[in-house]
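Remarks on the structure that follows.
Every number here is computed from the coordinates shown, using simple stated rules; none is lab data. Quantities reported herein were computed from a predicted structural model and do not represent experimental measurements. Cβ: placed from backbone, ideal geometry, glycine included. Neighbour counts: every protein chain shown.
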């Protein structure tokens, strides 16, 4: 007689909800526990009245048909919009389109700057050609080799320090090929002939999709438990028991966890060996504070994102919500709806700042951006404590050591998603890790840790109606 399956899922973000949907599809009723009061994780859509915000800017693209099919199954066609991506960097008070266009770089910031950039890039390529062996690179080494010293310093050094909150010499570069596009040297006509970079987007923001996923699970009898932080995770050799902050417990035969990997290791009972806990302590996260601001004046901003690498700004990136979806603002709003993104650490001064202090910072940045002449019509502050895993040198090696320990000692414990696997994955890869983990739970010979391991650029995908 087979043992009944009753898995537990920690986290109701993209990975946790996808695991739940796949388990239900396979005839299993999991239980889902989410620490916060809403589903979607970083991909939620906070609302205040008719105002909506996207905390991180969530483009929906994938190279995997199975992910696209899930998205299409959750939202009807008329709730998806196609959004052309256009980004820029604000450098020396000039707006420079991103991805960087080589022919423009030679002239846009002045002849002298263009000459320095081009010569620096040529020298970097010569040095790369002379390198005898491939080696692990820091982000600074990668950036100088890819863009040349001058253009690296101008566009990326300050931005990476501001957003990753670390010295580029101490950051690994293995995420950069997937996230940062190379300089485009093609002629304008050829670039236009290849078409725009277009992505899918739920009309009411990313959370619309994950709320639909939660509703589908609820219809199947698997309503996620919200406001249910986990404070303990115990394995007795036969089954798993989780302890909730309110003192309640739940037991199951397996656990799918999207909580931060560091927290997971320290929550385990019996406790892992001291060296495993020490490795877990090296894993850090960046936090994100998004401030959605409605300005009464209509500004012409033909970009989804404007990056602000300069030290004159506290803000790291500005989203133009009107370019994502007009429905993120009330129907009759005629001004400019933007989201200012501030990157911080989970317990530093900026994270601990109260709303009044944050408003003062936002108002200063708006003045520096040339948009501070009138009071905002609306302002909403959204805090995301564990938003992005930090890719410090040695991260990959340390994560592998934790993975191998968990596999050897707790094969029924499945880390999933961006935080669970401490990887800078997009939504589709977080979902794939959940699908592969469920398949492994059913005995299939698949490895969730092999999702998104290629170094090539992946931020493109299928856009099929």
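Observations
- Based on C-alpha pairs under 8 angstrom that are at least 6 apart in sequence, the chain has a relative contact order of 24 percent.
- Neighbour-count ranking [beta-carbon atoms within 10 angstrom, fewest first] of 67, 10, 381, 361: 361, 381, 67, 10
- Helix 14-25 vs. the chain, principal-axis angle (Cα, 0 to 90°, nearest 10): 40
- Looking at the chain alone, DSSP beta bridges between its own residues are antiparallel in about 75 percent of cases.
- A helix-only calculation puts the chain at -9500 deg cm²/dmol for mean residue ellipticity at 222 nm, using -39500 (n - 2.57) for each DSSP H run of at least four residues, averaged over all residues.
- Least to most buried among 135, 216, 25, 162 (fewest other Cβ within 10 Å first): 135, 25, 216, 162
- Three principal axis extents of the range 96-193 based on alpha-carbon atoms, in descending order, are 37, 32, 30 Å.
- Gyration tensor verdict on the range 66-151 (Cα atoms; rounded if a/c is under 1.5, prolate if a/b is larger than b/c, oblate otherwise): oblate
- Degrees between helix 65-74 axis and first principal axis of the chain (Cα, 0 to 90, nearest 10): 80
- From the largest down, the range 285-389 spans 38, 25, 24 angstrom on the principal axes of its Cα atoms.
- The protection proxy used here, the mean number of other Cβ atoms lying within 10 Å of each residue, ranks peptides 115-125, 200-210 as follows, highest first: 200-210, 115-125.
- Size-normalised alpha-carbon gyration radius of the chain, reference 2.2 N^0.38 Å: 1.00
- Sorted peptide list for 421-431, 290-300, 332-342, criterion being average Cβ within 10 angstrom, highest first: 421-431, 332-342, 290-300
- The range 220-245 and the range 364-379 have Cα centres lying 44 Å from one another.
- Cα centroid separation, the range 302-318 to the range 135-187 (Å): 17
- Packing-based exposure ordering (other Cβ within 10 Å, fewest first) of 444, 141, 245: 444, 245, 141
- The chain: angle of helix 395-409 to the longest principal axis, Cα-based, in degrees nearest 10: 10
- Mean-position separation - Cα centroids, the range 81-105 and the range 382-454, in angstrom: 32
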